[in-house]
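The values are calculated or read from the model by the stated rules, or taken from the named source; none is laboratory data. Given the structure is predicted, the values throughout are model-derived calculations rather than measurements. Here the Cβ positions follow ideal geometry from the backbone for every residue, glycine too, while neighbour counts run over all protein chains shown. Please note that ligands, DNA and RNA were not included when accessible areas were found on the heavy atoms of the full protein model with its side chains. Shrake-Rupley method; radii C 1.70, N 1.55, O 1.52, S 1.80 Å.
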Amino acid sequence: MAATQQIANQRTASQPLPSQMRELEERSIAAEIGLATRVNDRAVQNRMHAALELVQDYPATHQALAEGRISVRHATVIVEEGRALGDPDTRALYELTVLERALRDTAPRTRAFAEQVVEELHSCSITERHRDAVKTRKVWRQRLGNGMSELGIIGSDVLVDGAWDRLTQQANASKKTQVTAPEDDADADPDAIYDERTLDQLRADIAIDLLLTGGPTIDPTTGTITGAKGGLAAIQARASIVIPALTAAGLADRGATLDGAIPIDADTARCLLAQAPSWERIFTHPIHGHVLATDTYRRPANLDRYLAARDVHCRFPGCRRPARVCDRDHNFDWALGGTTDACNLACLCKRHHTLKTEKPWKPVQQRDGSIHWTSPLGRSSTDPPERYVIFRDEPDPPPGDPPF
Ligand SMILES: [Zn+2]
């Protein structure tokens, strides 16, 4: 990984390129490796950066890792905590001090020790460092499987502690009003709704409720943006749900997805369907399950929706960015005579659209919507369109009129 990053650096160092072109060279190499190893190219690029940092800036740690004297987690701790130190001499002193601890202690304890060492060696006070650190604040999400996701927030200690304390107080106050079901079922009121959520569950429910329905105190859009009536608080959450007809009707329990790709539970999907102001019918091929058309495909405006339904996500090999945040790319360049129809259009995220435009990645679309990609080094990969159905044994629906 470090060697590939060095190759990328060498290829761009020999010519005066703008920084965006250097980044593209690196991305293209990462995508080559990702294609060969079936790993997302963003993950490959991150690993290339981390590997080069370890090899170049922490040689003793790299050697200890190569000899099996410390684990990858120890090495990661040393590199991550050492990033606060810009001066190479100070960093070398830090590395030797912390590595000595890493050789005889666990990774979490090594991290705590490394934080203290950085505090001692750093030329700036915590106040100065916080000014830079606060720029890294962000929110992220991660899929956990089983229809669950994680939402994380990075912010300054004071604000995150304050938010946590408020959630805990609200959850405790809510818990005091909880009505729990009596131990003996015979005493239970059949019409009552008993609340038996734990403190963790209450915190999570209140936090999500606040995020989905609350509004920010500071709203820079007030009175400035047309179409933002009601300000930021009026902006509603969006979710694109694909649900098979039988599941929508409650006759089956499988196949519901978020953005056509992430499996979600049928109860949540049916609940959202019942509240949705509009929805579209998607026709799929009875044999291979590929999308054939949407209800209103003929209108040009709906070509976009058709592509989103067919592609589901970015069509670059290995990428899962949802179609709704993707560009519509002419596989064969429009300026060179490429047509604006479904057979020559595909969803590509900004990153991969730029990569395809700037670097010799060649997509050729087949009649069934598959895209045959050829990389700059001649490696090829075929990306088929998503299937919406998987055939499996399900009980026959009850006789009577079809639900749709
Ligand atoms: Zn992509």
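Some observations on this one:
- Rounded D (µm²/s) - the range 327-377, Kirkwood Rh over Cα pairs, Stokes-Einstein at 25 °C, 0.890 mPa s: 221
- GluC sites (Glu not before Pro) within the range 20-69, DSSP loop, no more than 10 other Cβ atoms inside 10 Å: 67
- Extension gain, residue 186-residue 271: 0.36 nm per intervening residue step, less the Cα-Cα distance, totals 27.5 nm.
- For the range 97-107, the Karplus equation 6.51 cos²θ - 1.76 cosθ + 1.60, evaluated at θ = phi - 60°, returns couplings of 5, 6, 4, 4, 6, 4, 5, 10, 9, 6, 5 Hz by residue, with Gly and Pro reported as x.
- Amide H contacts of residue 264 (H built 1.01 Å from N, under 5 Å, at least 5 apart or other chain): 256, 257, 258
- Equivalent ellipsoid semi-axes - Cα gyration tensor, the range 106-179, angstrom: 32, 18, 15
- Annotation: extensible slack from residue 97 through residue 33 equals 19.5 nm (criterion: 0.36 nm per residue apart, minus Cα-Cα distance).
- You can think of it this way: the chain between residue 137 and residue 245 has 34.7 nm of extra reach, that is 0.36 nm per residue less the Cα-Cα gap.
- Under-5 Å amide H pairs with residue 327, H placed in peptide plane, nonlocal only: 348, 349, 350
- The simple Förster model, with R0 at 51 Å and r as the Cβ-Cβ distance, assigns residue 173 and residue 364 a FRET efficiency of 0.25.
- Of the trypsin sites (Lys or Arg not before Pro) in the range 301-373, the ones in a loop by DSSP (not H, G, I, E or B) with at most 14 other beta carbons within 10 Å are 320, 367.
- Rg/Rg_ref, the range 2-133, where Rg_ref = 2.2 N^0.38 Å and atoms are Cα: 1.19
- Area accessible to solvent at residue 136, 1.4 Å probe radius, in Å²: 90
- Karplus-based coupling profile of the range 73-88, in residue order and whole Hz: 4, 4, 4, 4, 4, 4, 5, 4, 5, x, 4, 5, 9, x, 6, x, with θ = phi - 60° in 6.51 cos²θ - 1.76 cosθ + 1.60 and x standing for Gly or Pro.
- The calculated FRET efficiency for residue 332 paired with residue 193, based on their beta-carbon distance and R0 = 35 Å, is about 0.05.
- Given a 1.4 Å probe and the protein chains as shown, residue 148 ends up with an accessible area of around 120 Å².
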